1. Which of the trypsin sites (Lys or Arg not before Pro) found in segment 104-160 are loop residues per DSSP with 15 or fewer other Cβ atoms within 10 Å of their Cβ?
2. For segment 1-155, give the magnitude of the charge dipole about the Cα centre (Cβ charges: +1 Lys/Arg, -1 Asp/Glu; no others), in debye to the nearest 20.
3. Tell me the relative contact order for the chain as a rounded percent, counting alpha carbon contacts under 8 Å between residues six or more apart.
4. Considering the options HIS54, SER104, THR131, tell which one lies farthest towards the positive end of the dipole of the chain, charges being +1 on Lys and Arg and -1 on Asp and Glu at the Cβ, about the Cα centre.
5. Helix-only estimate, please: 222 nm mean residue ellipticity of the chain, summing -39500 (n - 2.57) across DSSP H runs of length 4 or more and dividing by its residues, to the nearest 500.
6. Which values, in whole Å and largest first, are the semi-axes of the equivalent ellipsoid of the chain obtained as the square root of 5 times each eigenvalue of the Cα gyration tensor?
7. Under 5 Å between amide H atoms, partner at least 5 residues away or on a different chain: which partners does GLY70 have, H built in plane at 1.01 Å?
8. Mind listing which GluC sites (Glu not before Pro) in segment 79-126 are in a DSSP loop and have 14 or fewer other Cβ atoms within 10 Å?
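Each reported figure results from applying straightforward, stated rules to the coordinates on display, with no laboratory input. These figures come from a predicted structure and were not determined experimentally. Reconstructed Cβ throughout: ideal geometry from the backbone, glycine too, with neighbour counts over all protein chains shown.
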Amino acid sequence: MPIVRILDVRDIERYRARFIYYIFDSFKNTLYMDTYTIKDAEDKYGDLLLHASHKKAIVCGAIEDNELIGFIWAYKYPFRDDHSRLYISILHIDEEYRSMNIGSQLLFEIEAYARQEKIHAIYLHAEAFNTGALRFYQRNGYEFERIQMVKKELKGVGDL
């Protein structure tokens, strides 16, 4: 059974290659998958490391046999008048370890941190077509709050 715990900067640096791979892999289930590159994942890892080193983010990892098999990254994210909320940037579990309750354990760790910090709510975004992720979050007590809609390829645009 993996150990789930808050990671410090040394851990994040130690597992650099895994973080970059998982960040890149997490974009498979987004609309950006065709344009997202390893360089983008490396840049996102740099953001994660920078925010963690300045204590502006919390990163929890699932570790088994000294290998990172999943992680969650969250940070405080004020929105309008609400300054007591946490935003989950990425939650990703290695494909081999999915459906083993590891994602729920990582969410539990983030939620414990939020309670300790007196944060009243946790927010995240998931792609509408990623029904597996939507079911996972709902099973863990997350609810739909807003729905973003888009109309693409407007007729007449670019025909000038």
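1. Here the sparse-neighbourhood loop sites are LYS118, ARG146, LYS151, LYS152, LYS155.
2. 520 debye
3. Relative contact order, the chain: 20 percent.
4. HIS54
5. -11000 deg cm²/dmol
6. Whole-Å semi-axes of the equivalent ellipsoid: 27, 20, 17.
7. Amide H to amide H, under 5 Å and 5 or more residues apart or across chains, GLY70 pairs with ALA62, ASP94.
8. GLU117
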